[in-house]
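A.B. asks: Take this structure first; my questions come after.
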Amino acid sequence: MTVWWLLLALSYLSLSAGLQKSNKYDGYKVYEVSSKARSAALELTISELVKNESYYEVFSGFKGGNSAKVMVHPDEQVNFVKLMAENNAAYDVLNRNVGLTLSRQFETNRMLRQWFPYNGRLGTERYYTHDEINQYIEDLARDNPRRVFVKPVGKSYEGRWLKTVTITNGDARRNKNVILVDGGFHAREWISPAAAVHLINELVENFESNADLLLDFDWVILPVVNADGYEFTQTLPDNRLWRKTRKPSSSDCIGTDPNRNFGFHWNEAGASEDPCDNTYAGPKPFSEPEALVVRDLIHSYADRGQMYLTLHSYGSLILYPWGWTDAVPDTVDDLDEVAAEGKKAILEATGTIYTFGPSTTTINYAAAGASDDYAFNAGFPISFTMELPFGGKDGFDPPASDIDRLVKETWVGIAAMARRVIQKYPLA
């Protein structure tokens, strides 16, 4: 343990008494249901729980062969245990008090922001705000004027600038192939923007080691798609598990799932028409300005884009189209070939086992209206959703001490997949 993490542990103990006494998740539990208990009846039971968001949130079903993780309201925990017994399902309690965990995490993040203020670079000591990430890419562009270019590409509903950073090798050649990457679609998935920032850092700060990745390809990265939601999750423990955008969707509810809002088989399967649900698809395709920004980026680079990669969490998965149906594209062998490179590289480097395959059949549910399907249909021959590993007690909350390990592991997989893409799709 480093000295500063020891200091954090001591500070945490001294401040525990001052934590927020309760929040709306006080008494909630997270249950992990073993995949060994998986059956058609149990899968149906879990899928039915998804429809009852007042008492349940299914963080993950049995996707990719992983165990299912379900957060349960205190008033429903007895019923949940009965349901598991009826299905002969083995389970463990991962988190006995979600509210307490979130309050502790909030206090930890507050201390880390004080200890590690932005100083012109973004390390892996803590999670950073959207403003800090934007400032970082602006500073990179200022310090690397021939190789790094920042472009405002739109605004969020609440008026935050969404900016891409384009990274080149500085040889001024135009019309290179493109790898387009985005992070932060879902607000609570903090490790996603962190991984995008680390990717940027690797390409810029470790240019010599990664020169082959920039010889005939430019990289375009949008670190945080859902900037409003991402900022909202950092304000209070109550808000930490927020997933959607922040644009009002009805008189009672706020937000749309931006990864169900794309106009390709929109709202056909795996999405909700209820504005209060986490998977609400929106009143129409591209109702969310954040989804419009990504749509326009996809079309801007579709003629020379060879890989679209959207970073999510969690599940240790590399998913490709289709998400709206259990059919697979004719080019499934190409998708498998590239995904296999990412899986192999990560396994050899860290031992983490990723699963790859078509989205619907790999995670056992459809998710129509997603960005990866849209990008693939628009012309990107390789289009992936990369679900980073489970972290923390609830899956979406890897502690700051795990950031370094997770983002470095993710980079290993991305770099391996990119090198195979460069080999398969050379510059014309």
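A.B. asks: Contact list please: Cβ distance under 8 Å, first residue in the stretch 411-428 and over 16 Å from Leu180 (Cβ atoms), second residue among the hydroxyl-bearing types (Ser, Thr, Tyr), pairs at least six apart or on different chains.
C.D. replies: As it stands, the answer is Val412/Thr350; Gly413/Tyr354, since those pairs meet every condition given.
A.B. asks: Right, here's the next one. Quick check on the stretch 189-204: of everything there that is aliphatic (A, V, I, L, M), closer than 17 Å to Thr129 by Cβ and surrounded by 24 or more Cβ atoms within 10 Å (Cβ to Cβ), which residue is nearest to the chain's Cα centre (by Cα)?
C.D. replies: So the residue we want is Ile191.
A.B. asks: Which pairs have Cβ atoms under 6 Å, sit 6 or more apart or on different chains, and link a residue in the stretch 23-51 that is assigned to a loop (DSSP other than H, G, I, E, B) to one that is modelled with pLDDT of 90 or more and open to solvent by less than 30 Å² (accessible area, probe 1.4 Å)?
C.D. replies: Qualifying pairs under 6 Å: Asn23/Gly99; Asn23/Pro237; Tyr25/Val98; Tyr25/Gly99; Tyr25/Leu102; Asp26/Gly99; Tyr28/Met71; Tyr28/Val98.
A.B. asks: Leu222 is checked against (1) at pLDDT below 95; (2) buried (at least 21 other Cβ atoms within 10 Å of the Cβ) and fails just one. What number does that condition carry?
C.D. replies: Looking at each condition in turn, Leu222 falls short on (1).
A.B. asks: Could you identify the single residue in Asp303, Asp326 that is charged (D, E, K, R) and either at pLDDT 95 or above or more than 16 Å from Gly357 (Cα to Cα) (or both)?
C.D. replies: Asp303
A.B. asks: If you go through the stretch 207-216 one residue at a time, do you hit one that is in a loop (DSSP other than H, G, I, E, B) and open to solvent by less than 30 Å² (accessible area, probe 1.4 Å)?
C.D. replies: no
A.B. asks: Taking the stretch 343-376 on its own, how many of its residues are open to solvent by less than 20 Å² (accessible area, probe 1.4 Å), more than 25 Å from Arg295 (Cβ to Cβ) and in contact with a Phe, Trp or Tyr (Cβ under 8 Å, 6 or more places away or on another chain)?
C.D. replies: 2
A.B. asks: So how many residues does the stretch 217-242 have that are in a strand (DSSP E or B) and closer than 18 Å to Leu162 by Cα?
C.D. replies: 4
A.B. asks: Please enumerate the residues belonging to the stretch 243-260 that are crowded, with 24+ Cβ neighbours inside 10 Å and in a loop (DSSP other than H, G, I, E, B).
C.D. replies: Lys244, Thr245, Gly255, Thr256, Asp257
A.B. asks: Read through the list (1) in a strand (DSSP E or B); (2) closer than 27 Å to Leu214 by Cα, then give the number of the only condition that Leu94 fails.
C.D. replies: (2)
A.B. asks: Now, a different point. Suppose we filter the stretch 397-413 for residues that are open to solvent by less than 10 Å² (accessible area, probe 1.4 Å) and outside any helix (DSSP H, G or I); how many remain?
C.D. replies: 1
A.B. asks: Continuing with this model, one more query. Taking Pro426, is it part of a loop (DSSP other than H, G, I, E, B) and open to solvent by less than 10 Å² (accessible area, probe 1.4 Å)?
C.D. replies: Considered against the rule, which asks whether it is part of a loop (DSSP other than H, G, I, E, B) and open to solvent by less than 10 Å² (accessible area, probe 1.4 Å), Pro426 comes out as no.
A.B. asks: Just a yes or no: is a residue in the stretch 205-218 closer than 20 Å to Ile403 by Cβ and either among the aliphatic types (A, V, I, L, M) or within 13 Å of the chain's Cα centre (by Cα) (or both)?
C.D. replies: no
A.B. asks: Look through Glu138, Glu158, Glu125, Glu189 and report the one residue that is of a type in the set (D, E, K, R), in contact with a strand residue (DSSP E or B) (Cβ under 9 Å, 6 or more places away or on another chain) and in a loop (DSSP other than H, G, I, E, B).
C.D. replies: Of Glu138, Glu158, Glu125, Glu189, the one residue that is of a type in the set (D, E, K, R), in contact with a strand residue (DSSP E or B) (Cβ under 9 Å, 6 or more places away or on another chain) and in a loop (DSSP other than H, G, I, E, B) is Glu189.
A.B. asks: Next question, about the same structure. Somewhere in the stretch 231-240, is a residue under 21 Å from Ser359 (Cβ atoms) and open to solvent by 10 Å² or more (accessible area, probe 1.4 Å)?
C.D. replies: no
A.B. asks: Exactly one of these conditions fails for Val81: (1) in contact with a Phe, Trp or Tyr (Cβ under 9 Å, 6 or more places away or on another chain); (2) hydrophobic (A, V, I, L, M, F, W, C); (3) crowded, with 20+ Cβ neighbours inside 10 Å; (4) closer than 30 Å to Thr362 by Cβ. Give me its number.
C.D. replies: (3)
A.B. asks: Tell me, which residue of the stretch 139-159 that is touching a residue at least 60 places away in the same chain (Cβ under 8 Å) and closer than 15 Å to Val294 by Cα is surrounded by the fewest Cβ atoms within 10 Å (Cβ to Cβ)?
C.D. replies: By that ranking, first place goes to Lys155.
A.B. asks: Does the stretch 327-334 contain any residue that is more than 17 Å from the chain's Cα centre (by Cα), closer than 21 Å to His265 by Cα, open to solvent by less than 20 Å² (accessible area, probe 1.4 Å) and touching a residue at least 12 places away in the same chain (Cβ under 8 Å)?
C.D. replies: yes
A.B. asks: Could you list all residues from the stretch 38-91 that are touching a Lys or Arg at 6+ places or on another chain (Cβ under 7 Å) and within 21 Å of Leu319 (Cα to Cα)?
C.D. replies: Matches in the stretch 38-91: Phe59, Ser60, Phe62.
A.B. asks: Could you list all residues from the stretch 293-330 that are touching a Gly at 6+ places or on another chain (Cβ under 7 Å), among the aliphatic types (A, V, I, L, M) and not in a strand (DSSP E or B)?
C.D. replies: Scanning the stretch 293-330 gives Val293, Ala302.
A.B. asks: Still on this structure, I have one more. Restricted to the stretch 47-62, and to residues that are open to solvent by less than 30 Å² (accessible area, probe 1.4 Å) and at pLDDT below 85, which residue is nearest to Leu241 (Cα to Cα)?
C.D. replies: Ranking the qualifying residues of the stretch 47-62, first place goes to Ser60.
The values are calculated or read from the model by the stated rules, or taken from the named source; none is laboratory data. Because the structure is a prediction, the values reported are computed rather than measured. Every residue, glycine among them, receives a Cβ derived from its backbone with ideal geometry; neighbour counts consider all protein chains shown. We work out accessible area using only protein heavy atoms, side chains counted, and drop any ligands, DNA or RNA first. Shrake-Rupley method; radii C 1.70, N 1.55, O 1.52, S 1.80 Å.
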